[in-house]
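Worksheet: one structure, shown below.
FYI, it's all coordinate maths here, none of it is from the lab. Quantities reported herein were computed from a predicted structural model and do not represent experimental measurements. Positions of Cβ are backbone-derived with ideal geometry, glycine not excepted, and every protein chain shown enters the neighbour counts.
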Amino acid sequence: MRKNIRGLVFFGSGVVAEKSLKNKPAFIVDNNPDLVGGFFHGIEIKSPEVLRNRSDEFEVVICTTSVSEVKAQLERLGFAWGKDARVSDYLEERLEIAELEDERFEFLISSGLPSNATDDSGGGVYKIQEGDSDYPDIEKLYPGNIHGMIRYNDGIAISSQGEGIVVLDAEYNVSSVISLPKSSRPHGLRSFKDGWVFISSYNDSIVGISSQGETLFEYPFSDKKTEYSSAQHHCNDLIVVGSFAYVSMFSVTGNWKRGVYDGGLVEVNLETGEMKVVVNNLTMPHSVDFIDGSLRILNSFKGEVLTNNFESQFVLSGFVRGYEENDKYCFVGESKNRNFSRLNVGRSPVSVDSKVTVIHKKRGFCRSIPLPKRISEVHSLILL
């Protein structure tokens with residue numbers, strides 16, 4: 001049987017339609033009633049209603065930047081997207097923008113603020129879920145002063161100040177707790193062999209423990225904690241690659257409290273404790289990761305996402321902390337920037353609200369998912 005050849009119809013009569021005229025349509029449809037009945041380059045303009053339930057006769061090419069709205073309209077008229085309707089080649093980027101606008105995301109964030117278990121504010125683990133409304137649904141899953149959060153088995157593991165390492169199952173119920181010394185203030189957390197490695201930000205050290213909580217090693221980044229009786233490096237996050245940990249901190253020399261912001265990344269041999277500075281020209285970095293064979297880190301104060309060889313890939317307006325990515329997008333937590341008046345941020349304006357920004361990795365455009373004022377700090381992020 002001979003296959004029915006459908007006629008071509010443009011939706012929209014403007015610049016994009018004009019550029020697409022090498023493939024001449026049977027007619028054009030437009031939502032502007034003032035244009036209906038007229039002609040565009042000799043081609044008649046009709047109302048979109050003439051298309052209703054005629055997908056067997058016509059294939060529609062969208063030639064307007066209102067891609068999301070027209071796509072929904074065509075579906076109501078009986079046209080299946082990708083089969084009966086598509087976007088003009090000249091609007092491929094606009095289509096990807098529309099896809100980002102339309103996609104609904106769901107993720108977990110941790111917040112290191114002081115926590116109140118009786119209400120939905122302050123520190124803890126939150127589930128953020130986008131729906132049909134302008135603002136996401138927010139559910140507090142676990143209260144606490146939570147910094148580190150990683151995937152673990154079917155659930156997550158978190159570092160909770162005052163508690164230790166807490167493992168939550170797939171339903172976010174507590175399955176185990178490993179107590180840590182009260183003076184630890186655990187920050188970044190990773191599993192290592194049969195146990196754990198975490199950053200003790202109060203002790204300026206990286207600590208390895210067994211699954212039962214027995215300390216296996218503790219490597220201080222310097223002896224300045226002993227000399228000054230307080231932490232001097234502001235070490236925070238880490239990633240483990242083989243037997244090496246890469247630790248982000250505000251000052252690799254331990255001098256940020258004396259105005260030296262030589263923030264960077266320190267490599268630690270977890271077998272021997274030997275340390276090497278990898279990079280030392282960052283300002284308040286966090287959220288180090290190892291993805292596709294390359295180290296990633298957020299240069300938090302400057303709002304930068306640093307990728308291959310610590311090159312700046314994206315720059316945002318907030319204090320960036322908390323990072324995930326998939327094949328298409330990267331997800332960056334932005335916290336209220338409390339430090340912009342003390343140092344030269346190097347960009348303007350500076351954001352003072354909290355959100356998660358979703359960036360198209362190839363194109364570079366983004367949209368933000370707002371968070372309420374009561375959750376002013378994001379530390380870790382996990383995409384669900």
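Once both labels are positioned 7 Å from their Cα atoms along Cα-to-Cβ, the gap between residue 135 and residue 326 label points is 2.6 nm. Here is the list for the range 109-204: trypsin sites (Lys or Arg not before Pro) lying in DSSP coil, each with at most 15 other C-beta atoms within 10 angstrom of its C-beta, are 182, 193. What you get for the chain, charging only the Cβ of Lys and Arg (+1) and of Asp and Glu (-1), is a dipole of about 740 debye around the Cα centre. 3J(HN,Hα) couplings calculated from phi for the range 94-107 with the Karplus curve 6.51 cos²θ - 1.76 cosθ + 1.60 (θ = phi - 60°) are, in sequence order, 5, 5, 5, 5, 4, 5, 5, 5, 8, 5, 10, 10, 9, 7 Hz; Gly and Pro show x. Compared with the rule-of-thumb size 2.2 N^0.38 Å for a compact globular protein, the chain has a Cα radius of gyration ratio of 1.24.
The phi torsions of the range 354-360, fed into the Karplus equation with coefficients 6.51, -1.76 and 1.60 and a -60° offset, translate into couplings of 10, 6, 10, 9, 9, 10, 6 Hz, rounded to whole numbers, with Gly and Pro shown as x. The GluC sites (Glu not before Pro) found in the range 308-384 that occupy coil by DSSP, while having at most 13 further C-beta atoms within 10 Å, are 311.
Note that the range 164-226 shows a convex hull volume over its alpha carbon atoms of 86 Å³ per residue.
Remark: the range 15-99 carries a charge dipole of roughly 180 debye about the Cα centre, counting +1 on each Lys and Arg Cβ and -1 on each Asp and Glu Cβ.
One decimal place: the segment residue 86-residue 257 gains 55.8 nm when fully extended, by the rule 0.36 nm per residue minus the C-alpha distance. Ordering 326, 305, 337 by the projection of their Cα atoms onto the charge dipole of the range 237-341, which places +1 on the Cβ of Lys and Arg and -1 on the Cβ of Asp and Glu, puts 337 at the extreme positive end. The calculated FRET efficiency for residue 104 paired with residue 18, based on their beta-carbon distance and R0 = 30 Å, is about 0.30. In a reduced charge model with +1 at each Lys and Arg Cβ and -1 at each Asp and Glu Cβ, the range 73-148 shows a dipole moment near 260 debye about its Cα centre. Between the residues 228, 239, 350, the greatest Cα displacement towards the positive end of the dipole of the chain, with unit charges on the Cβ of Lys, Arg, Asp and Glu, is found for 350.
Shown in residue order for the range 299-312 are the 3J(HN,Hα) couplings computed by the Karplus curve 6.51 cos²θ - 1.76 cosθ + 1.60 at θ = phi - 60°: 7, 4, 5, 8, x, 9, 9, 9, 10, 3, 6, 6, 7, 6 Hz (x for Gly and Pro).
Residue 291 to residue 183: FRET efficiency via 1/(1 + (r/R0)^6), r the Cβ-Cβ distance, R0 25 Å, to the nearest 0.05?
0.15
Looking at the range 131-210, the GluC sites (Glu not before Pro) that sit in a DSSP loop and have at most 13 other Cβ atoms within 10 Å of their own Cβ are 171. Seen from residue 178, the other residues with C-beta closer than 12 Å to its C-beta sum to a net charge of -2, counting Lys and Arg as +1 and Asp and Glu as -1.
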